[in-house]
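Undergrad: Structure incoming, see below.
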Amino acid sequence: VGVHNAPAGRWSWQVSVRRYNKELELWQHLCGGSLIHHQWVLTAAHCTQREDWEAYGLRVQVGQLRLYDHDTLTNVTKIVRHPKFNQSLSAEGGADVALLTLEAPVTLSERIGLVPLPPASLRVPERKMCWVTGGGYSNLGAPLPQPYQLQEVMVPIVGNEVCKQRYQNSSTNTGQIIKDDMLCAGSEGQDSCQGDSGGPLVCSWEGTWVQVGIVSWGYSCGHRDFPGVYARVISYISWIRNRGASPPLPLPSSSPPSFHCFLFSFLLFYVFSLLFHNV
């Protein structure tokens, strides 16, 4: 809601998670996601319902600004949902986090990049302006029109206490509970919507973008009283890294290969000299 076309290359980690639509005979956009590693996608657990996975599996599109444009899809070979995610409660129950293992590592380029994850100590201040991206509805009940270009919108962070009060004090009183592992963002006319689930909420931090949230749930889209609700990435940093999905460490600086060859040859010569000397 309140979105506009994203420019090429700005959100190079954006992923489209697909499920097979038997009636249309195509791999249809289901949710968003973010590339956090050459072979791992971070998304929402509620986007990985068991029936979709068991029937046809899931696939992802990376590196494309428009859905279904030059559609080269990558198979998902494994889904790892957070163990505290409750399928019957779905996103509203919290722990709405999942990792998708890709069949093969993707090759990074100008169009395909990794989104940095925040340090566990990062606290996102209230009213900070951040960005959410996706290929979902541009308004409630209004699917993204052709050419299905990635959308972006700037949203303010809403404190959890304020968010909780808005949901509880509303005339519609949804009864939803904002938990500590959730993060709220959005305002009237600025929000994520259906089909954006699983996608990234990123904020600028020390000169770079970091993903602080995963589009999870909300009541309506762009409603004054109901900010969008996101899974708080900081709450799950340890779990993500323990699954092996942490971004690869930079290679340590090393001596030139010629020096390594020289050192190896010298050590080999020294060992053989000792052996022959003792014969």
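Each reported figure results from applying straightforward, stated rules to the coordinates on display, with no laboratory input. Source: prediction; values computed, not measured. With ideal geometry, Cβ positions are generated from the backbone for all residues, glycine too; neighbour counts draw on all protein chains shown.
Undergrad: What are the ³J(HN,Hα) couplings of the range 76-82, residue after residue, when phi is run through the Karplus curve with 6.51, -1.76, 1.60 and θ = phi - 60°? Round to Hz, x for glycine and proline.
TA: Taking θ as phi minus 60°, the curve returns 9, 9, 7, 10, 10, 8, 4 Hz for the range 76-82.
Undergrad: Mind giving me the nanometre distance, one decimal, between the label points for Ser220 and Ile177, set 7 Å out from Cα along Cα→Cβ?
TA: 2.5 nm
Undergrad: Among the lysines, which fall within straight-line cross-link reach of Lys179, defined as a Cα-Cα distance under 17 Å, with same-chain neighbours fewer than 8 residues apart omitted?
TA: Lys84, Lys164
Undergrad: Okay, next question. Can you tell me the Rg and Dmax of the range 1-60, counting just the alpha carbons, in angstroms?
TA: Answer for the range 1-60, Rg first and Dmax second: 13.2, 36 Å.
Undergrad: Continuing with this model, one more query. By count of other Cβ within 10 Å, fewest leading, how are Ser121, Ser16 ordered?
TA: The most exposed by this proxy come first: Ser121, Ser16.
Undergrad: Now a separate question. What length, rounded to one decimal in nm, is gained on full extension from Thr107 through to Leu73, with 0.36 nm per residue of separation minus their alpha-carbon distance?
TA: Numbers: separation 34, 0.36 × 34 = 12.24 nm, distance 1.34 nm.
My answer for the length gained is 10.9 nm.
Undergrad: Under the rule of at least 5 residues apart or a separate chain, name every residue whose amide H is placed under 5 Å from the amide H of Gly32.
TA: Val17, Ser197, Gly198, Gly199
Undergrad: On to the next question. Glu23 to Tyr56: extension gain in nm, 0.36 nm per residue of separation minus the Cα-Cα distance?
TA: 10.5 nm
Undergrad: Continuing with the same structure: PRE reach from Glu188 (point 7 Å along Cα→Cβ): which of the range 136-167 fall under 16 Å by backbone N?
TA: Answer for this model: 156, 166-167.
Undergrad: For Phe85, enumerate residues with amide H under 5 Å from its amide H, sequence gap 5+ or separate chain, H modeled in the peptide plane.
TA: Distant-sequence amide H within range of Phe85: zero hits.
Undergrad: Kindly state, as a whole number, the per residue volume in cubic angstrom of the convex hull around the alpha carbon atoms of the range 129-234.
TA: Per-residue hull volume (Cα only) is 90 Å³.
Undergrad: Order of 4-13, 88-97 by packing, highest average Cβ count within 10 Å first?
TA: Per-residue Cβ counts within 10 Å, averaged per peptide and sorted highest first, yield 88-97, 4-13.
Undergrad: Any aspartates and glutamates with Cα under 16 Å of the Lys22 Cα? List them, leaving off those in the same chain fewer than 8 positions away.
TA: Straight-line reach from Lys22, under 16 Å: Glu51, Asp52, Glu54.
Undergrad: Among Leu67, Ala95, Gln28, whose Cα lies farthest out toward the positive end of the dipole of the range 19-154, if unit charges sit on the beta carbon of Lys, Arg (+1) and Asp, Glu (-1)?
TA: With unit charges placed on the Cβ atoms, the residue in question is Ala95.
Undergrad: Mind listing the phi-derived Karplus ³J(HN,Hα) values for the range 92-100, rounded to whole Hz, using 6.51, -1.76 and 1.60 with θ = phi - 60°, and x for any glycine or proline?
TA: 5, x, x, 6, 7, 9, 8, 10, 10
Undergrad: Now for a separate question. Can you work out the Karplus-derived ³J(HN,Hα) for every residue in the range 62-74? Use 6.51 cos²θ - 1.76 cosθ + 1.60 with θ = phi - 60°, whole Hz, and x for glycine or proline.
TA: Result, rounded to whole Hz: 10, x, 10, 6, 10, 4, 6, 9, 6, 6, 9, 9, 10.
Undergrad: Taking the Cα centre as origin and putting +1 on Lys and Arg beta-carbons and -1 on Asp and Glu beta-carbons, what dipole magnitude results for the range 11-102, to the nearest 20 debye?
TA: That gives the range 11-102 a dipole magnitude of about 240 debye.
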